[in-house]
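The structure under discussion appears below in the form of structure tokens.
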Amino acid sequence: MSDPADQRPPTQNSSARNSSGPPAIPETPLADALLAAAGSTRASFHALPVSRRGSIRESALADAYDALFGRGLFSEATITAPPLDSFFFPHRSLARAEELAARAFGATGTLFVTAGTTTANLIALEALIARPDVRVLADKGTHQSIHFALSDKHATVDYIEPRVFCEHSERAALSLPALLEQAAAAERAGTPYELLVLNGQSYDGVVYDIRAILTALAEASPSLTTVFVDEAWGAWSYFHEATRGRTALHARAADPALERFTVVATHSAHKSLSALRQGSLIHFSGDPELAERLRLGRYRHHTTSPSYPILASLDLARAQMELEGRDLVERSLRLARRVSETVAGDPALSAFSVNAPAVPDAFAGHAAIDPTKLSLRVSGLPIEAPELRERLYSRHGLYVNRCTRTSLLLNLHIGIGDEEVAALLDALRAIQRELSPAVERPDEQAGERRVSTSFIIPYPPGVPIIVPGEEIGGDTLRRIEAFRSAGARIYTIEHRPR
Ligand SMILES: Cc1ncc(COP(=O)(O)O)c(C=O)c1O
């Protein structure tokens, strides 16, 4: 059955593609305004001495600056209103750029943020938690920024714990029946939850089908109508029909029965689009008052020195996805299939395998594996995944961030092309040639049990293993050790008492 929302924007691809001649570049109001300001400014008697290379022109360090940042970046403007738009109260180029982003993602409104999704999440929760006693049902597998914001707001939080379903990738997912039962029980008791917080697209590549979750939730807890979905890794997925269907904003836009929900979603555009580092988006659909509360939240929590290059990159990245996003995502999907098939079929890669690309049946109705994130298991080498990661970087210049004891996470994002994939496969073949067969590793011992008064957070990825009040069991200690041996630091952070 075709989905009505698949026939209309988010993207302008089809109109751009069907016209004769080169496709029309979508409007980029903020990028244009920044470029114009850079061209017409001779000097700024405000701040940022390095802009226009003013402070480094004669410096012995000028070459290092130029090599690292290129000359283009020195057009960085501290100019805001009047020549450019005001960041906190936009009504011209930034307002238009945010409006275009909202349209591209199928949201009612969008706010640009230049301090990462760490800050975007804080802003979103500032807007969503108007009183300290708001009852929140939260996925425990969310990023630390959400836990800290909930803790600082003194929200009344009940957590639902995702269950690890693949010990190698450490991928985990929530049980939908458990979530629904908890929401329904609160509803029956007359104390329904007011806000549901989900990690919609995890660092490890587990993606929730938000439409399926909201559809079931509408029945289980009719009073729970506000949902916040951290989709830090998922902005790209709005631009291809194979992946758009599970996204938070699409869920509400695609199904009139879900219009009762107010949905807020955050995207680290820098993680998956052509945006500069820390470029992040907050989208919302539903409650019209939310726009003002989010703007106020941004005013309270955002740096008062936003980066205009980052803002302009958000504008360009959205335009690029409207124009070319489908092709870029298609390429990522194709390359991910290529890696999987090559690893499965090439004897020169027999030491590796791709961990199961599907979720177990118990999760299949509401969760899936992000097809562009492959978990590559190292089963036939005498080294573990952290050492493989180190070799890939030091000897082949190929960087992988996330790894467990046995597996590496390969993110086939839109910046990875055929050449990079070929280099990766060649490097893996070379490493397999160099090394001898695998050795077995004994299981770790379970440790003593106690109750935590703190968050225990491995970084990366910054998702707590333990929240205050939880019992620390043998399994916890095993997980801590696994993160440690994968190179993560373990942070213990006290819960702030009221
Ligand atoms: C799920 C999730 N949310 C939020 C963040 C924070 O995003 P940012 O790095 O843009 O601050 C991360 C970072 O890795 C993340 O994985």
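Val463 passes all but one of (1) within 16 Å of the ligand (Cβ to nearest atom); (2) part of a helix (DSSP H, G or I); (3) of a type in the set (Val, Ile, Thr); which number fails?
(2)
Which is open to solvent by less than 10 Å² (accessible area, probe 1.4 Å), free of Cβ contacts under 8 Å to residues at least 40 places away in the same chain and not in a strand (DSSP E or B), of Glu98, Glu187?
Glu98
Which residue out of Pro357, Pro306, Pro288, Pro347 is more than 19 Å from Ala232 (Cα to Cα) and within 16 Å of the ligand (Cβ to nearest atom)?
When all the criteria are applied, what remains is Pro306.
What are the residues in region 292-308 that are assigned to a helix (DSSP H, G or I) and open to solvent by less than 20 Å² (accessible area, probe 1.4 Å), if any?
Leu294, Gly297, Arg298, Tyr308
For region 170-221, which residues satisfy the criterion of being acidic (Asp, Glu), at pLDDT 95 or above and within 16 Å of the chain's Cα centre (by Cα)?
Residue satisfying the conditions is Asp209 alone.
Would you please name the residue that is most open to solvent (accessible area, probe 1.4 Å), looking only at residues in region 108-145 that are away from the ligand (no atom under 16 Å from the Cβ) and outside any loop (DSSP other than H, G, I, E, B)?
Applying the filter and picking the extreme gives Arg135.
Here are Ala254, Ala242: which of them is hydrophobic (A, V, I, L, M, F, W, C), modelled with pLDDT of 95 or more and surrounded by fewer than 24 Cβ atoms within 10 Å (Cβ to Cβ)?
Ala242 is the lone residue from the list that is hydrophobic (A, V, I, L, M, F, W, C), modelled with pLDDT of 95 or more and surrounded by fewer than 24 Cβ atoms within 10 Å (Cβ to Cβ).
Taking the criterion of being away from the ligand (no atom under 16 Å from the Cβ) and among the aliphatic types (A, V, I, L, M), would at least one residue in region 146-159 satisfy it?
Yes: one or more hits.
Please count how many residues of region 257-285 are under 22 Å from Ala216 (Cα atoms) and either open to solvent by 10 Å² or more (accessible area, probe 1.4 Å) or away from the ligand (no atom under 16 Å from the Cβ) (or both).
9
Just checking, which of Arg52, Arg57 is among the charged types (D, E, K, R) and at pLDDT 90 or above?
Going through Arg52, Arg57 in turn, the sole match is Arg57.
Among the numbered criteria (1) open to solvent by 70 Å² or more (accessible area, probe 1.4 Å); (2) part of a loop (DSSP other than H, G, I, E, B), which one does Glu324 miss?
(2)
The values are calculated or read from the model by the stated rules, or taken from the named source; none is laboratory data. Given the structure is predicted, the values throughout are model-derived calculations rather than measurements. FYI the Cβ positions are ideal-geometry reconstructions off the backbone, even for glycines, and counts take in every protein chain you see. Note: areas computed on protein heavy atoms with side chains; ligands, DNA, RNA excluded. Shrake-Rupley method; radii C 1.70, N 1.55, O 1.52, S 1.80 Å.
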